[in-house]
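What follows is a single structure, written as structure tokens, with notes after it.
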Amino acid sequence: MYVLCVQSFGDPLSDVLWSYAVHGTVAFVVNVCIQNFFAHRVYRLGRGAAHIPVAISLTSFGSFAFGLAFNIMMLEMRVIGQRVSHNHYIIGAFSLQVACDILITSGLVYYLFKYRSTIRRTNQALNALTFYSINCGAINIVSAIGAITCVIFSPQGLYWTTFFVIQVKLYFSSFIAILNSRTHVRDILHGQDGIVISMSEA
């Protein structure tokens, strides 16, 4: 990133380093793994209902395919300025990521809402999980939309990489936040006899 953003800043004739493509590929691999982890959570919450998880996986792997194709083409480019002719791959990858994140967030919120009951503390636990799901999903969606906007309005620029570089960290942070939310939910439910929410499903 130092070479791209500092040493060769604003130079469309700068060389394409193999590390660009490697970083991009690793980022998309991490994203697809975490997205499919959430697809599994939606599947468990839906008690075997596969339509939303399948849609999540399809959009996730579709985004990965676009990203992988772009990174392979990056290895074939001689200068960074040639990237402009492949911008549609970037837009495709991030558009499918937006769709995937919307499906994940809406699926989690929908099934968590279905589990609501007349027991106040159970509803508090479900509200906490819903809060975490919406916050994590919104951050990832805004990041992907930001990248798409930069590519559309500045096709020659590399402003979109600002969002791309941080996105893999956002996905991983979302993953950790959802896992850590289980401790908060257990605290809410602590001491309530007969109230059980499986953390592997929620």
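Rule-based calculations on the coordinates, nothing more; no lab input. Not measured: the values here are computed from a predicted model. All Cβ positions, glycine included, derive from the backbone under ideal geometry; neighbour counts span all protein chains shown.
What is the sum of charges, Lys and Arg at +1 and Asp and Glu at -1, for the other residues whose Cβ falls under 13 Å from the Cβ of residue 124?
Value of the local net charge: +3.
How high is the relative contact order of segment 16-73, in percent, with contacts defined as C-alpha pairs under 8 Å that are six or more residues apart? Walk me through the numbers before you get to the answer.
Working: 35 pairs, mean separation 28.0, N = 58.
Once normalised by length, the contact order is 48 percent.
Give me the number: length gained by fully extending residue 159 to residue 40, i.e. 0.36 nm times residue separation minus the C-alpha to C-alpha distance, one decimal in nm.
Numbers: separation 119, 0.36 × 119 = 42.84 nm, distance 3.33 nm.
This chain segment gains 39.5 nm when fully extended.
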